[in-house]
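The values are calculated or read from the model by the stated rules, or taken from the named source; none is laboratory data. Values in this document were obtained by computation on a predicted structure and should not be read as measured data. Glycine gets a Cβ as well: all are built from the backbone with ideal geometry, and neighbour counts include every protein chain shown. The area values use the complete protein model at the heavy-atom level, side chains included, leaving out ligands, DNA and RNA. Shrake-Rupley method; radii C 1.70, N 1.55, O 1.52, S 1.80 Å.
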Amino acid sequence: MPEKIIGITVKKAENFSEWFTQVVTKAGLADQRYNVQGFIVHMPWAMRIIKQIYRLFEEELERTGHEPVLFPLVIPEENFEREKEHVEGFKPEVFWVTEAGDDKLERKLALRPTSETAFYQMYSLWITSWRDLPLKLYQSVSVYRYEKTTRPFIRGREFLWIEAHDVFATHRQALRQVKEDMENSRKVIWEKLGIPFLFLRRPPWDKFKGAEDTYAADTLVPDGRVLQISSTHDLGQRFAKAFEITYVDKKGKRRYVWQTCYGPGIWRIVAALISVHGDDKGLVLPFDVAPIQVVIIPIYYSDEAKKFVMRKCRRLYLKLKRNGVRSLIDTRDKTPGWKFNDWELKGVPIRFEIGKREIEQGYVTVFRRDLMKREKVEDDKVVDRVFELANEILENLKEKAKKFFESNIVSVKSKKELEKAIKQGKIVKMSFCGREECAEDMREATNGAKVRGTELDFKEGDYGKCVWCGEPAKYIVYVAKAY
Ligand SMILES: [Zn+2]
């Protein structure tokens, strides 16, 4: 009896939540059995994808003048206390270290939930003159938040991200940075990973605590909820004043700096990769971030055949390697069918199948995961075809994802239409009064529909009546259920 792989047993469209859990476990992304809630073990397949995603962001950040740093995991309580709104916002989520060995600590230490108050303490020492600006630093780390409900890659008590903390002499430069951050997200999340999103200006009550303005990217998960995958914040001078970060300008005058911070949510980008591109067979990875881009499966039924097949496999492997393609010959003691299923589950974008016929006739059977389709490619054209396919696969994933995303954004004119659209899992576009009470009332009545914000270039004006309360509307907003 051939050994059967236990694949995904539910359909993505029928039971998304269960599908997601099965992909996370069966594709070897995470083990949730670690015995502290909200802390997961990141398995090799996930870590190799994550390293690629980090690479894409870090390359782009460094290209635009950022440098890497690593700040301490612990932040003393007094740093937190310095910015009032920030501390109010984050306190309920902080893990505190209060003891060490047999000693009670004199002051509590927070495990960073985000690192503004660590960075800015030091920025106040480092920045003295206009010559020290701009200062653009980032770190790729995990952060810690005491979340009540947790889900791998979506909401955790420990999760991975990047945080960039930038400092400027003028507000204008800071605002330009906010744009650059959005461009950074677009280049990686959309261009390289094919995940569509809307960058929205969050309403005042949903800002990052301590920021003047928050801009965040929402993508849509197939269960009809949006997922924030990246955000950038205009911090104005709030932290500058709280931490006394000043510089002497060219005329010798002391001034407060202007600051921004930016956080691509690596964890949630993984969740989006799984959810947006995945299918009933499992993960579907874009070529650029696939840990293995081409898997080579030898197919033989005798020792004699094995020799020839393996020789061709090795030749192909070396050719791919020379061309910078991450590849692997799967020599495990399993049937070819089992291996096919296993790599399909893991989302490897391209597969070579090499058997007797491929050797006799001088071609490679090339399989692409996104369309589950095979083609014959002559031996000497196979590397070129791999690079073509890399693009074709990405374009196909982008097109499909964009279609799904855009077809799920609808404009509504009435309360009834709104309620119906939210039930169907849509992102709703509507006129809105701008009042927090109205947003709160709508959220409760619709079981979770939240005002996500306005488009970036949006101008306040007269937009008829608020779809929810009927008062005059000053905004056009996007509304959706959210993770
Ligand atoms: Zn209203």
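Extension gain, LYS423 to VAL10, is 146.5 nm, computed as 0.36 nm per intervening residue step minus the present C-alpha separation. Shown here for the range 5-105: trypsin sites (Lys or Arg not before Pro) in loop regions (DSSP other than H, G, I, E, B) with at most 14 other Cβ atoms within 10 Å, namely LYS11, ARG33.
Just to verify a number: FRET efficiency for LYS91 and VAL410, C-beta to C-beta distance, R0 = 45 Å, to 0.05?
Here the calculated transfer efficiency is 0.75.
Approximating the spin labels as points 7 Å out from Cα along Cα→Cβ, the GLU437-to-GLU78 distance works out to 4.3 nm.
First check a/c for the range 343-438, with a ≥ b ≥ c the square roots of the eigenvalues of its C-alpha gyration tensor; if it is under 1.5, answer rounded, and if not, answer prolate when a/b is larger than b/c or oblate otherwise. Intermediate results must be reported in sequence, preceding the final value.
Working: a/c = 5.05, a/b = 4.02, b/c = 1.26.
Since a/c reaches 1.5 and a/b is larger than b/c, the shape of the range 343-438 is classed as prolate.
To the nearest 10, the accessible area of SER411 is 80 Å² with a 1.4 Å probe.
Taking 7 Å along the Cα-to-C-beta vector as the label spot, tell me the ASP132-GLN173 distance in nanometres, rounded to one decimal. Between ASP132 and GLN173, the label points sit 1.3 nm apart. Over the range 346-401, accessible surface divided per residue gives 49 Å², non-protein components excluded, 1.4 Å probe.
Which percent of the accessible heavy-atom area of the chain goes to carbon and sulfur, probe 1.4 angstrom?
Details: 11460 of 23050 Å².
The nonpolar share, carbon plus sulfur, comes to 50 percent.
Nearest 10 degrees, 0 to 90: what angle lies between the long axis of helix 171-185 and the longest principal axis of the chain (Cα atoms)? That works out to roughly 20 degrees. Say the dipole of the chain comes from +1 at the beta carbon of Lys and Arg and -1 at that of Asp and Glu; which of LEU320, PRO92, LEU111 then lies farthest toward its positive end? Working it through, the farthest residue towards the positive pole turns out to be LEU320.
Cα centroid separation, the range 1-75 to the range 113-146: 27 Å.
Can you compute the charge dipole magnitude of the chain about its Cα centre, using +1 on each Lys and Arg Cβ and -1 on each Asp and Glu Cβ, nothing else charged? Give it in debye, rounded to the nearest 20. Before the final figure, lay out the partial values.
Numbers: 86 positive and 73 negative charges, 213 e Å.
That gives the chain a dipole magnitude of about 1020 debye.
For helix 436-445, report the angle its Cα long axis makes with the longest principal axis of the Cα atoms of the chain; keep it between 0 and 90° and round to the nearest 10°. With both axes taken from Cα atoms, the answer is about 40 degrees.
Between the range 185-246 and the range 255-305, the C-alpha centres lie 22 angstrom from each other.
Enter the accessible area per residue of the range 182-315 (Å², integer; probe 1.4 Å; all protein chains in place). Walk me through the numbers before you get to the answer.
Working: 4610 Å² over 134 residues.
Each residue of the range 182-315 exposes 34 Å² on average to a 1.4 Å probe.
Over the range 1-96, what is the relative contact order in percent, taking alpha-carbon pairs closer than 8 angstrom and at least six residues apart? Numbers along the way, then the final one.
Values: 44 pairs, mean separation 11.2, N = 96.
Value for the range 1-96: 12 percent.
Projecting label points 7 angstrom from Cα along Cα→Cβ for GLU360 and ALA100 puts them 7.2 nm apart.
When N is the residue count of the chain, what does its C-alpha Rg come to as a fraction of 2.2 N^0.38 Å?
Values: Rg = 25.4 Å, N = 483, 2.2 N^0.38 = 23.0 Å.
Taking N as the residue count of the chain, the ratio is 1.10.
On a 0 to 90° scale, report how tilted helix 303-322 is relative to the longest principal axis of the chain, with both axes built from alpha carbons and the result rounded to the nearest 10. Between helix and principal axis, roughly 30 degrees.
Rounded, prolate or oblate, given the Cα gyration tensor of the range 43-144, with a/c below 1.5 counting as rounded? Write out the running numbers ahead of the final one.
Working: a/c = 2.25, a/b = 1.22, b/c = 1.84.
Since a/c reaches 1.5 but b/c is at least a/b, the shape of the range 43-144 is classed as oblate.
Close amide-amide hydrogen proximity is noted between ARG452 and TYR478, VAL479, ALA480, each under 5 Å apart and 5 or more residues distant or on a separate chain (H modeled in the peptide plane; Pro and chain starts excluded).
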